[in-house]
Amino acid sequence: QVQFVESGGGLVQPGGSLRLSCAASRSIFSVNNMGWYRQGLGKQRELVASVSSDGRTYYADSVKGRFTISRDNAKNTVYLQMNSLQPEDTAVYYCFVDHSSLRSWGQGTQVTVSS
């Protein structure tokens with residue numbers, strides 16, 4: 001069973017940047033959409049950004065202009081560059097990958113934005 005390992009979370013001051021990565025533990029095929037959800041404390045999980053196999057992207061209104069999603073198909077890895085972070089971006093971020101009619105999830109990585 002393929003696993004997805006996330007990295008890059010942490011504590012950052014408002015206005016700072018972080019880059020999240022999510023990599024497959026082995027080669028996978030028929031990869032379609034890849035993306036990121038987040039869940040803040042006491043909040044519902046929300047879709048932050050996604051990228052399709054042909055490069056089309058989606059961003060939540062709250063992160064447009066600040067976050068950039070990208071993927072490396074050769075490495076089966078999806079990235080989320082987060083700039084101008086604000087306290088309201090504090091959440092656990094989960095990557096997802098749609099492949100072979102399945103959706104797999106990363107284990108989650110904490111992002112905390114605080115001074």
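See the values below:
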{"item": "Wholly enclosed strands (runs of 3 or more DSSP E) of the range 37-107 bearing at least 1 residues without any contact (Cβ under 8 Å) to a residue 40 or more places away in the chain", "result": "46-51, 57-59, 67-72, 102-105"}
{"item": "Residue that is open to solvent by 30 Å² or more (accessible area, probe 1.4 Å) and among the small types (Gly, Ala, Ser), where the choices are 21, 27", "result": "27"}
{"item": "Among (1) surrounded by 12 or more Cβ atoms within 10 Å (Cβ to Cβ); (2) modelled with pLDDT of 95 or more - the single one residue 4 does not satisfy", "result": "(2)"}
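The values are calculated or read from the model by the stated rules, or taken from the named source; none is laboratory data. Just so you know, these numbers come straight off a predicted model, no measurement behind them. For neighbour counting, all protein chains shown are included, and Cβ atoms are generated from backbone atoms with ideal geometry for every residue, glycine included. Calculation scope for accessible area: heavy atoms of the full protein, side chains included, ligands and nucleic acids excluded. Shrake-Rupley method; radii C 1.70, N 1.55, O 1.52, S 1.80 Å.
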